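Asker: I have a structure here, written as structure tokens, and I will follow up with some questions on it.
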Amino acid sequence: MFSPARAWREFPQRYRLEAAKCSGCSKILYPPRLVCPECGGRKFTQEALPRDGKVVTYTVIRVPPAGFTEQTPLPLALVELTNGVRLMVQIGDVEDPESLEIGMPVRLEFRRISWDGEAGVIFYGHKAVRAGS
Amino acid sequence: MTIGIVGYGAFIPRRRIKLEEIAKVWGADAPAYKRGLQLYEKSVPGADEDTVTMSVEATRNALARSGGVDPADIGALYIGSESHPYAVKPSGTIVAEAIGAVPALHVADLEFACKAGTESLFIAQSLVKAGEVRYAVGIGADTSQGAPGDALEYSAAAGASAFIFGGDEDLIVAEIVDSFSWTTDTPDFWRREYMHYPRHGSRFTGEPAYFRHSMSSARGMMAKAGMEPRDFAYAIFHQPNGKFPMRVGKKLGFTHEQLETGWLSPWLGNTYSGASPIGLTAVLDIASPGDLILLTSFGSGAGSDSFVIRVTGRISEVQDLAPKTRAQLDENKIYLEYGAYAKLRGKIRMAE
């Protein structure tokens, strides 16, 4: 479970999908980094990610860790967005995990990602849901 | 100064439960409930959906229809709800952060039973009208709860709608012509601090509460604006069940045709603060330039806000820019059995 302070530091990338675009080689980094792994550049501009993409691959977690147990089974996917950026996200609104498939079009929606019990902080971010659904 | 809605949007969760599925568990007479309440199914939030997540998606839909409003120009954001995720800590800050409207804006969470949504609309449009802010967002959203087995359990549903108000005449899709509120102290429905479920006065919620306030507010609004029912293309009332909004509309002299577009409760349930404003989004989705709309909310406790809204020529340019309300209601539904529904709504006692 994150601390509220760590979650707060990541709000721009988690809430607004803000990525860092390298001023040297134009590579888009998500989550943002301090040094570009492509060219070693240290200058970046901020760019919001597109919210549409497709599932590259996925897995279904049947025994999730603390903070996620109420979301069992918990499908996780590697999603490639329309600009080529790939990110690891939960898949939301899954009626039947057997219905998931590679190549499935998805859209990122704002959701609760995890929560620290009944009394703790709620962590928000994005999940991928089947596009057009 | 002309002010109005420059962008609007709704969000309805995909999960549903049918009235029969609830009635079966409690031994209730489903056909009698269906007839009596005119309810067929209702929306249910997932474990990862709440007032904040639905408000963010509804506001993004409103921004998509806004003709390029820069979120940094939003000077105020209000969320009306009786199901804010935190008892202490605002919902509005999370929504404002997520849409990129922070930090130069005023934010508040509002509460007034089912009327909190139109309260946020009322305050947002008033601030724009006063020239205090360039754009203001008003949101109505709820993941409402009914006690297991109570009549409310058949209606308490989830949904959100968001409206961006502004004064740029070339951006306005629906002008706010006038507004009127009618309020008394009427204890028809309440929830005390730390209580999980609300309580209500059964039939007392009808005539002295819903009907008296809705009708007085709508009549006061029409008298103030010098209008009568036949002037309106559409009328939307608060929707605690399927029956009340149709009955109150017809008692006031509106026809079925004027009422049916914004009448979503038979298939959506009662989204509380979201209810009549989501009805407004369904109307704006199909409205034509020049149409006049009457919106009248109701919140227990009790009060009723009314608005006269005139649709502009820009409406047809924005209707297709975000998911339509009726499509969200009718398509891609996930039906739940009562067990899964009880789990999602926190009705099952878990180990500490």
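The values are calculated or read from the model by the stated rules, or taken from the named source; none is laboratory data. Since the structure is predicted, the reported quantities are computational estimates derived from the model, not experimental observations. In this analysis, Cβ positions are derived from the backbone assuming ideal geometry, glycine residues included, and neighbour counts consider all displayed protein chains. Side chains are part of the model used for accessible areas, which takes the heavy atoms of the whole protein and leaves out ligands, DNA and RNA. Shrake-Rupley method; radii C 1.70, N 1.55, O 1.52, S 1.80 Å.
Asker: Yes or no: the stretch B:339-346 includes at least one residue that is open to solvent by 10 Å² or more (accessible area, probe 1.4 Å) and either β-branched (V, I, T) or touching a Phe, Trp or Tyr at 6+ places or on another chain (Cβ under 9 Å) (or both).
Answerer: So far as the stretch B:339-346 goes, no, none of its residues is open to solvent by 10 Å² or more (accessible area, probe 1.4 Å) and either β-branched (V, I, T) or touching a Phe, Trp or Tyr at 6+ places or on another chain (Cβ under 9 Å) (or both).
Asker: Quick one: count up the residues across the stretch B:12-22 that are open to solvent by less than 10 Å² (accessible area, probe 1.4 Å) and in contact with an Asp or Glu (Cβ under 7 Å, 6 or more places away or on another chain).
Answerer: Count: 5.
Asker: Taking the options A:G24, A:G40, name whichever one is of a type outside the set (S, T, N, Q) and on the phi > 0 side of the Ramachandran plot.
Answerer: So the residue among A:G24, A:G40 that is of a type outside the set (S, T, N, Q) and on the phi > 0 side of the Ramachandran plot is A:G40.
Asker: With the structure loaded, tell me whether A:E47 is farther than 19 Å from A:A128 by Cβ and assigned to a strand (DSSP E or B) or whether it fails that test.
Answerer: In short, yes.
Asker: If I ask for residues that are among the small types (G, A, S) and surrounded by fewer than 18 Cβ atoms within 10 Å (Cβ to Cβ), which ones from the stretch B:23-35 would you list?
Answerer: Within the stretch B:23-35, B:G27, B:A28, B:A30, B:A32 meet the criteria.
Asker: If I ask for residues that are in a loop (DSSP other than H, G, I, E, B), closer than 16 Å to B:K42 by Cβ and open to solvent by less than 10 Å² (accessible area, probe 1.4 Å), which ones from the stretch B:138-181 would you list?
Answerer: Answer for the stretch B:138-181, where residues must be in a loop (DSSP other than H, G, I, E, B), closer than 16 Å to B:K42 by Cβ and open to solvent by less than 10 Å² (accessible area, probe 1.4 Å): B:S144, B:G146, B:S155, B:A157.
Asker: Separate question: When A:T69 is evaluated against the numbered criteria (1) more than 14 Å from chain B (Cβ to nearest Cβ); (2) within 28 Å of A:I102 (Cβ to Cβ), which criterion, by number, is the only one it fails?
Answerer: For A:T69, the exception is condition (1).
Asker: Now, a different point. Report the residue count in the stretch B:10-59 for those that are within 12 Å of chain A (Cβ to nearest Cβ) and within 19 Å of B:K343 (Cβ to Cβ).
Answerer: 12
Asker: I'm trying to understand the selection: among the residues of the stretch B:60-86, which are within 14 Å of chain A (Cβ to nearest Cβ), open to solvent by 30 Å² or more (accessible area, probe 1.4 Å) and either in contact (Cβ under 8 Å) with a residue 40 or more places away in the chain or aromatic (F, W, Y) (or both)?
Answerer: Residues satisfying the conditions are B:R60, B:L63, B:A64, B:Y86.
Asker: Counting only residues that are loosely packed, with under 13 Cβ neighbours inside 10 Å and charged (D, E, K, R), which one in the stretch B:182-201 is modelled with the highest pLDDT?
Answerer: Residue satisfying both the conditions and the ranking: B:D185.
Asker: While we're here: For the stretch A:88-133, give me each residue that is within 20 Å of A:T57 (Cβ to Cβ), part of a loop (DSSP other than H, G, I, E, B) and more than 11 Å from chain B (Cβ to nearest Cβ).
Answerer: A:L100, A:E101, A:I102, A:G103, A:M104
Asker: When you go through (1) free of Cβ contacts under 8 Å to residues at least 24 places away in the same chain; (2) touching a helix residue (DSSP H, G or I) at 6+ places or on another chain (Cβ under 9 Å); (3) part of a loop (DSSP other than H, G, I, E, B) one by one for B:E20, which number turns out not to apply?
Answerer: (3)
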